[in-house]
Amino acid sequence: GQQVMQIPQYQHVQEGEDFTTYCNSSTTLSNIQWYKQRPGGHPVFLIQLVKSGEVKKQKRLTFQFGEAKKNSSLHITATQTTDVGTYFCAGQRNTGKLIFGQGTTLQVKP
Amino acid sequence: DAGITQSPRYKITETGRQVTLMCHQTWSHSYMFWYRQDLGHGLRLIYYSAAADITDKGEVPDGYVVSRSKTENFPLTLESATRSQTSVYFCASSEGRGWVTQYFGPGTRLTVL
């Protein structure tokens, strides 16, 4: 079945360092969404990418959707302790169902 | 905000017992979803519903039953709980079938002994 793989599973960074998580699908996606889950919390929608090669920015966060619409990345510049949490990508095919990646848990050392 | 709520927030039960997890949303969203979250597996879709009286299986539906008699409620029942169903369960809703933002409830942490 369709899979969405996300790497790395865990990442520890020093505050101020950059962070990137990658999301790869075995099939072409119609769109991809990114969610953030704080420790003990619930997933919260961050952004949706729809177009091939799309790049969107939210302050220090940069989201990219690959040209083939099979991969995506989230890059955080100069991490802060408030960035701690698990970041999920979720890919959708034309069939409609949203498939979540396993998530990348980010720890930031102050 | 209390747009989507889940109850109970924590539940401990024993193997073989029936358990129902409740989900209520106040936005009148058409679509509702149940996910389970386990370490290493991310969020896996159990069941979803496109509207009242319309439900469909997700990725891991075995051992679960859902119903949706009213748009705002989407209960999830474990008919005979097993230890492998120990997990955190999230309910979510959206105006469309994943094409737009999914709003998640606070989650229910279920432990099956």
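The values are calculated or read from the model by the stated rules, or taken from the named source; none is laboratory data. Everything numeric here is computed off the predicted structure, so don't read it as measured data. All Cβ positions, even for glycine, are placed from backbone atoms using ideal geometry, and neighbour counts span all protein chains on display. Keep in mind that these areas ignore ligands, DNA and RNA; they rest on the heavy atoms of the full protein, side chains included. Shrake-Rupley method; radii C 1.70, N 1.55, O 1.52, S 1.80 Å.
Going by the structure shown, is B:Thr108 open to solvent by 10 Å² or more (accessible area, probe 1.4 Å) and either away from chain A (no Cβ under 12 Å) or of a type in the set (Val, Ile, Thr) (or both)? So B:Thr108 does not fit the description; no. Condition (residue is modelled with pLDDT under 95 and closer than 22 Å to A:Val44 by Cβ) applied to segment B:56-68: is it met by at least one residue? Within segment B:56-68, one or more residues are modelled with pLDDT under 95 and closer than 22 Å to A:Val44 by Cβ. Candidates are the residues of segment A:33-49 that are farther than 11 Å from A:Phe100 by Cβ and more than 10 Å from every other protein chain (Cβ to nearest Cβ); the one that is least open to solvent (accessible area, probe 1.4 Å) is A:Leu49.
The residue of segment A:23-32 that is surrounded by the fewest Cβ atoms within 10 Å (Cβ to Cβ), among those that are small (Gly, Ala, Ser) and not in a strand (DSSP E or B), is A:Ser26.
Quick test for you: out of A:Lys69, A:Lys97, A:Lys109, pick the one residue that is of a type in the set (Lys, Arg) and within 14 Å of chain B (Cβ to nearest Cβ). Write out each step before concluding.
Values: A:Lys69 fails: within 14 Å of chain B (Cβ to nearest Cβ); A:Lys109 fails: within 14 Å of chain B (Cβ to nearest Cβ).
Result: A:Lys97 is the single residue among A:Lys69, A:Lys97, A:Lys109 that is of a type in the set (Lys, Arg) and within 14 Å of chain B (Cβ to nearest Cβ).
Looking only at residues in segment B:80-89 that are open to solvent by 20 Å² or more (accessible area, probe 1.4 Å) and under 14 Å from the mean Cα position of the chain (by Cα), the one that is farthest from the other protein chains (Cβ to nearest Cβ) is B:Thr86.
Beta carbons closer than 6 Å, at least 6 apart along the sequence or on distinct chains, pair a first residue in segment A:1-17 that is within 19 Å of A:Gln102 (Cβ to Cβ) and modelled with pLDDT under 95 with a second that is open to solvent by less than 50 Å² (accessible area, probe 1.4 Å) and aliphatic (A, V, I, L, M) for A:Gln2/A:Ile99; A:Val4/A:Ile99.
Restricting attention to segment A:53-74, and to residues there that are in contact with a strand residue (DSSP E or B) (Cβ under 7 Å, 6 or more places away or on another chain) and not in a strand (DSSP E or B), which single residue is surrounded by the fewest Cβ atoms within 10 Å (Cβ to Cβ)?
Step one: list which residues in segment A:53-74 are in contact with a strand residue (DSSP E or B) (Cβ under 7 Å, 6 or more places away or on another chain), which gives A:53-56, A:58, A:60-66, A:70-74.
Next, only the ones that are not in a strand (DSSP E or B) stay: A:53-54, A:60, A:66, A:70.
Working: A:Gly53: 11, A:Glu54: 18, A:Arg60: 14, A:Gly66: 20, A:Lys70: 17.
Among residues in segment A:53-74 that are in contact with a strand residue (DSSP E or B) (Cβ under 7 Å, 6 or more places away or on another chain) and not in a strand (DSSP E or B), the one surrounded by the fewest Cβ atoms within 10 Å (Cβ to Cβ) is A:Gly53.
Any chance segment A:75-85 includes a residue that's touching a Pro at 6+ places or on another chain (Cβ under 9 Å), open to solvent by less than 60 Å² (accessible area, probe 1.4 Å), more than 14 Å from chain B (Cβ to nearest Cβ) and in a loop (DSSP other than H, G, I, E, B)? Within segment A:75-85, one or more residues are touching a Pro at 6+ places or on another chain (Cβ under 9 Å), open to solvent by less than 60 Å² (accessible area, probe 1.4 Å), more than 14 Å from chain B (Cβ to nearest Cβ) and in a loop (DSSP other than H, G, I, E, B).
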